[in-house]
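Heads up, the thing below is written out as structure tokens.
The values are calculated or read from the model by the stated rules, or taken from the named source; none is laboratory data. None of the values given here were measured: they were computed from a predicted structure. Every residue, glycine as well, gets a Cβ built from its backbone with ideal geometry; the counts of neighbours run over all protein chains shown. In case anyone asks, the SASA skips ligands and DNA or RNA and just uses the protein heavy atoms, side chains included. Shrake-Rupley method; radii C 1.70, N 1.55, O 1.52, S 1.80 Å.
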Amino acid sequence: MSSTMITPDVFRDLMEKQSTLILDLRPTSDFITGFVPGSISAGTSGKYDKWIIEAIGGEPVVLISEPGKEEIAADRFSKLVHSESLLVLAGGYESWVKFARQADMIIEVEADELALDLPHDPYLQLIDLRGEVEFENAHVTKAQHIPLAELVDLATIANFDEDQQFYLYCGGGQRSVLAASLIKRQGVHNLRVVAGGFDAIQQEPSIPLTQKQDHSG
């Protein structure tokens, strides 16, 4: 499809409207190092596109893609968003930084860093973003279960204690970055994501896990 490209100055004006939905389609590894404040990490897979549009909403939808992939980005959302509401930032994230000199980022920690922090930081709150079955099968013992879908409820984020340090993990990493962007969008910035998610956590023997008991046989 032929997308409507907008310049950073037009984008800045749109950002002042709370209903604007800003989706960053770059790899999560790029997103965490720098992104437009208020944008949501949709990643490269498209797995959560429909959920983001339906659960979060907002118009217009502004896409931030890797340079040269603007039309691919527009095609990706052409069946989910009306064409008149679908915009693409010309030049992507780099053009925004050059224009506004303003960006946000997400702190990522390795599983071994989490293992060191868990016993010694009384303000650390670990949040498991996975589904019910995943959580019941195995999770970090002290983790609070808040499935990703619940983070679209602003009341959930409003209950976050500003004195705590939130560590987010999912299965492999994508959901935690998406969740972090949702939480930051609501003004909560005291958070970190665990690189590699629960897959990496399971490889760290000093992190205590609670596992579902197998009663078969």
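Observations on the structure shown:
- Per the listing A90, A115, A74, the residue uniquely small (G, A, S), in contact with a helix residue (DSSP H, G or I) (Cβ under 9 Å, 6 or more places away or on another chain) and surrounded by 20 or more Cβ atoms within 10 Å (Cβ to Cβ) is A74.
- Members of segment 96-112 that are surrounded by 15 or more Cβ atoms within 10 Å (Cβ to Cβ) and within 18 Å of V177 (Cα to Cα): D104, I106, E108, V109, A111
- Residue in segment 208-217 that is modelled with pLDDT of 95 or more, surrounded by 15 or more Cβ atoms within 10 Å (Cβ to Cβ) and at negative phi present: no
- Filtered by the rule that a residue be part of a helix (DSSP H, G or I) and either out of contact with any Lys or Arg (no Cβ under 6 Å at 6 or more places or on another chain) or among the polar types (S, T, N, Q) (or both), segment 140-169 gives A149, E150, L151, V152, L154, A155, T156, I157, A158.
- Scanning segment 25-69 for residues that are in a loop (DSSP other than H, G, I, E, B), among the hydroxyl-bearing types (S, T, Y) and open to solvent by 10 Å² or more (accessible area, probe 1.4 Å) returns T33, T44, S45, Y48.
- Single residue of segment 136-146 satisfying the filter (within 19 Å of the chain's Cα centre (by Cα) and buried (at least 18 other Cβ atoms within 10 Å of the Cβ)) that is nearest to E204 (Cα to Cα): A143
- For segment 5-55, the set of residues classified as aliphatic (A, V, I, L, M) and closer than 26 Å to V109 by Cβ consists of I22, L23, L25, I32, V36, I40, A42, I52, listed by residue number.
- Condition check for V177: assigned to a strand (DSSP E or B), open to solvent by less than 10 Å² (accessible area, probe 1.4 Å) and either modelled with pLDDT of 95 or more or in contact with a helix residue (DSSP H, G or I) (Cβ under 6 Å, 6 or more places away or on another chain) (or both): no
- Any hit, segment 118-131, residues being charged (D, E, K, R) and open to solvent by 50 Å² or more (accessible area, probe 1.4 Å): no
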